[in-house]
1. Going through 60, 117 one at a time, which residue ends up being assigned by TED's automatic domain parsing to the domain that holds residue 49, at pLDDT below 80 and within 23 Å of the chain's Cα centre (by Cα)?
2. Name, by its number, the condition in (1) surrounded by fewer than 17 Cβ atoms within 10 Å (Cβ to Cβ); (2) touching a helix residue (DSSP H, G or I) at 6+ places or on another chain (Cβ under 9 Å) that does not hold for residue 173.
3. I'd like to know if segment 15-22 contains one or more residues that are in contact with a strand residue (DSSP E or B) (Cβ under 7 Å, 6 or more places away or on another chain), assigned by TED's automatic domain parsing to the domain that holds residue 134 and either modelled with pLDDT of 70 or more or part of a strand (DSSP E or B) (or both).
4. Just one of the numbered conditions (1) modelled with pLDDT under 70; (2) not in a loop (DSSP other than H, G, I, E, B) is not true of residue 146; which one?
5. State yes or no: is residue 223 under 29 Å from residue 112 (Cβ atoms), in contact with a helix residue (DSSP H, G or I) (Cβ under 9 Å, 6 or more places away or on another chain) and assigned to a strand (DSSP E or B)?
6. If you go through segment 175-189 one residue at a time, do you hit one that is in a loop (DSSP other than H, G, I, E, B) and at pLDDT below 80?
7. Condition first: farther than 28 Å from residue 112 by Cα and in contact with a strand residue (DSSP E or B) (Cβ under 7 Å, 6 or more places away or on another chain). Now tell me which residues in segment 181-204 satisfy that.
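The values are calculated or read from the model by the stated rules, or taken from the named source; none is laboratory data. All values reported here derive from a predicted model rather than from experimental measurement. Methodologically, a virtual Cβ is constructed for each residue, glycine included, from the backbone with ideal geometry; neighbour enumeration extends over all protein chains shown.
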């Protein structure tokens, strides 16, 4: 796993006097109940994994769940907990058994997909069948100040080609780009704006069979794609 720079921001949002979870560590750093744990992302197209190690004073099973998430512009399957990834799925609570040392290890995954907005996930750990005995914390994913991430034309995927009814122009993350459909004679047929979304669907169901061009404008860069309408 790629090394990530981690800082700890102790923000006492909530302290439960009933908590029986005496110590939680994220990637080896001890955190407090109600803390916000900050992770700096240095690869917007890579994978960030944070390991949460829970220590308990009881041997009872625990429930680990997401209670809130704030992510302005992330692609599908950006945050994963167990077998559930958001969006589009909702997070499912995970039941975890403690080992002989009364510990449980959980992996938290974040796939930025090129997004450069900060994102925060709030977690709660509670005793099985008793949510009053709990421990809460948050993980804040941020990006180093002053770093500019360049959108790449090579990230754009255009399919299917040849096309019958539509052509999908897709990026792996949310970004604003523009698509113009041209005929062989250079005439503009249709224009589209992704409006900070991942993809644009170009409707070609109402045009005649033949050869056409898509001009894709991303920032100050252009990409021309030739395709056949069947």
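1. On inspection, the qualifying residue turns out to be 117.
2. Of (1) surrounded by fewer than 17 Cβ atoms within 10 Å (Cβ to Cβ); (2) touching a helix residue (DSSP H, G or I) at 6+ places or on another chain (Cβ under 9 Å), only one is false for residue 173: (1).
3. No, segment 15-22 has no match at all.
4. Looking at each condition in turn, residue 146 falls short on (2).
5. When the stated conditions are applied, residue 223 passes them.
6. Taking segment 175-189 as the starting set, the residues that turn out to be in a loop (DSSP other than H, G, I, E, B) are 176-177, 183-187.
Imposing the further condition that a residue be at pLDDT below 80 reduces the set to none.
Scanning segment 175-189, I find no residue that is in a loop (DSSP other than H, G, I, E, B) and at pLDDT below 80, so the answer is no.
7. 181, 182, 183, 184, 188, 189, 190, 191, 203, 204
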